[in-house]
Each structure stands twice: as C-alpha cells, then as structure tokens.
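Presented below is the structure to which this report refers.
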Amino acid sequence: MKNVLLFALASFVSYLSSAQDSTVTRFKPSAKNLTVEVNFNPFSSSPVSVNYLRLRTFVTDRQAFRMGFSIGVRNQKAIENVTQSTFEINLRPGYEWHFAGTERLSPYVGLDGDFAIKSPSFSDERDAQTRGPIKSISGAWDPNGTERGYTRFGANLLVGADYYIIKRLYLGLEFGYGFQVINSSDISVTQFNGAPVLPAKGGSTFQLGPNFNSSLRLGFAF
C-alpha cells in the first residue's frame, strides 16, 4: 500500500509538471487563492494522513486566513451490547503573514488558536444475568478515567515555510510556541440499582512551550 500511494503521488506530480504553462512563472498562490493541505510522512506505512486538514484563503499575495480541523469518532464493542464511544473535534483558526522569500520558497509568521473537545462514554445494555453493576458512564470509559474527556483551548505563535515543488504544489514545515489550558471532564457513573455515585471532578492543566508538527505538510493551491 505504501508503494502504491507513493507511486500515485509521483504520477500526480509528474502530470502536474507536464501540464505547466511555461509562460507562467509564479509558483506561489495569489490573492483569493485557496490552499488545502494534509500531513505527509513519506517514509511511514501511511504516507498521507487525512485525519487533520488545513484550509487557507489568501486575502492578499502575502496574507492568509487559515483553519485547521479534525473530527474523530470511535465506537467499539469488545463485548456484545457493551459500547465504548469517543467523539473528538479540534478547530485551529489563524492568520499568516508571508515574506517575499524566493520564487518557490514562501516563509511566514503567524498566529493560531486551538479549541478541542473530547467526549467519551460507556454503556452496558446486557440483560440482568450478564451485565455488570454500572449502567453508563460519561466523561470516560470507566471510573478510573480510561480515555478521559477534556476541553482544551490555547494559542500559538508560528514560524513556517512552504516550498513550491511545481506551480501551486508545495511541501511545508512549521514550528510553534504557545500555551494550552486543558480541563478534564467530570466522570459521572449511573448504576443499575440506582445507588448514587458522586462524580469524579476533573482538574485542569496549564502548558507553555514549543510545539512542532513532525509531519511535512503537503498542499495544493487552487
């Protein structure tokens, strides 16, 4: 599968290269262009990852709004009628200021926000002979906090660069420095016998420091 994906990517790049108009020398996007990008790890078993997407719209030749987003849904049943579910969403709005760079290289600085929610749950719908004492849980998969939920917000200062391999097709790297505040979810348990269970209150974590996306960013401008 890895070789097939790499061959397809190489074929796509070759096709785009052959289709370039030799009279057009601008490789970078211009005002009103849109870029779409995914994470790219050429030496992994899954080179192209679409679990995180980023869109940018250029308001001028050197300034762009950006929005990164990911949505994840996990639903598993290790035992029939016992369900463990998780829903996650992450939104990262931001803005970039690009420098002149070179014909193909577009360095930039920027800002972005980070807003994320993770919402797990557990439910046991087995009959009375086989079920456990817990009917449902929200905020985690078990009372011990496995797969615990959270809300997160933060902001980052960014430094990055895009290199345009051919007109409008680019690879990029990005570094950031910023903060995150993570609030863990309360864990609420409901038992079949109706006995009250006090919720396990969630705490909070503050983080400040550098962050780095180890993946290359593979993108195309429209």
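The values are calculated or read from the model by the stated rules, or taken from the named source; none is laboratory data. Everything quoted here is computed from the prediction, not taken from an experiment. A quick note on method: Cβ atoms are made from the backbone with ideal geometry, for glycine too, and the neighbour counts reach across all protein chains shown.
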Single unsatisfied condition, LEU53 versus (1) at pLDDT 90 or above; (2) surrounded by fewer than 15 Cβ atoms within 10 Å (Cβ to Cβ): (2)
Matching entry among ILE71, ILE79, ILE89 (being touching a Lys or Arg at 6+ places or on another chain (Cβ under 9 Å) and closer than 26 Å to GLN207 by Cα): ILE89
Within segment 143-170, considering residues that are among the aliphatic types (A, V, I, L, M) and at pLDDT 95 or above, the one farthest from SER204 (Cα to Cα): ALA161
For ASP142: the one exception among (1) under 20 Å from SER85 (Cβ atoms); (2) out of contact with any Ser or Thr (no Cβ under 7 Å at 6 or more places or on another chain); (3) touching a residue at least 24 places away in the same chain (Cβ under 8 Å); (4) not in a strand (DSSP E or B): (3)
Among the candidates ILE117, ILE137, ILE182, residue that is farther than 21 Å from LEU208 by Cα and in a strand (DSSP E or B): ILE137
Qualifying residue in segment 81-102 (condition: over 19 Å from GLU147 (Cβ atoms), outside any strand (DSSP E or B) and of a type in the set (Asp, Glu)): no
Test: residue in segment 163-180 that is out of contact with any helix residue (DSSP H, G or I) (no Cβ under 6 Å at 6 or more places or on another chain), aliphatic (A, V, I, L, M), surrounded by 15 or more Cβ atoms within 10 Å (Cβ to Cβ) and farther than 17 Å from PRO107 by Cα: no
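Pick from PHE69, PHE99, PHE40, PHE58: which is under 24 Å from GLN180 (Cα atoms) and aromatic (Phe, Trp, Tyr)? Quick ask: steps written out before the conclusion?
Details: PHE99 fails: under 24 Å from GLN180 (Cα atoms); PHE40 fails: under 24 Å from GLN180 (Cα atoms); PHE58 fails: under 24 Å from GLN180 (Cα atoms).
Of PHE69, PHE99, PHE40, PHE58, the one residue that is under 24 Å from GLN180 (Cα atoms) and aromatic (Phe, Trp, Tyr) is PHE69.
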Candidate set: segment 185-222, residues that are surrounded by fewer than 17 Cβ atoms within 10 Å (Cβ to Cβ), of a type in the set (Gly, Ala, Ser) and assigned to a loop (DSSP other than H, G, I, E, B); chosen: the one modelled with the highest pLDDT: GLY203
Boolean, GLU103 is closer than 21 Å to TYR164 by Cα, modelled with pLDDT under 95 and not polar (S, T, N, Q): yes
